[in-house]
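What follows is calculated from the coordinates using simple rules that are stated; it is not laboratory data. What you see is a predicted model, and the numbers here were worked out from it, not measured in a lab. Cβ atoms come from the backbone with ideal geometry, glycine included; neighbour counts cover every protein chain shown.
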Amino acid sequence: MKSKNIVTLAMMGMLLARGATFADLSTGLVARYDFGGNANDLSGYGNDGTVHGAALTVDRFGNANSAYGFDGVDDYIRVPDAPQLNGMNSLTLSVWV
């Protein structure tokens, strides 16, 4: 497994060295929640979340108030229906759990 990781890193390094380009992740973005002390949408569409019971906590990097903890019973963050999603056939959701 260790040699596989080294090969992967070497290949990534070669791509970066050759001037590889990456997709702009903000293209087509409907909502973005960084949880920087709140559940506000940073995409510009104003799809701010309302926190119900969840508590701000440290994120995976140890940054205070940058993630939410849920009790697994009745905590949630409600976001409004986004008119930007009307007519879409698919979407991508990315989370760190």
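A few notes on this one:
- In plain terms, the residue of Ser94, Ser26 with the fewest other Cβ atoms within 10 Å comes first and the most crowded comes last, giving Ser94, Ser26.
- Residues Thr57, Thr50, Thr27 in ascending order of nearby Cβ atoms (within 10 Å, fewest first): Thr27, Thr50, Thr57.
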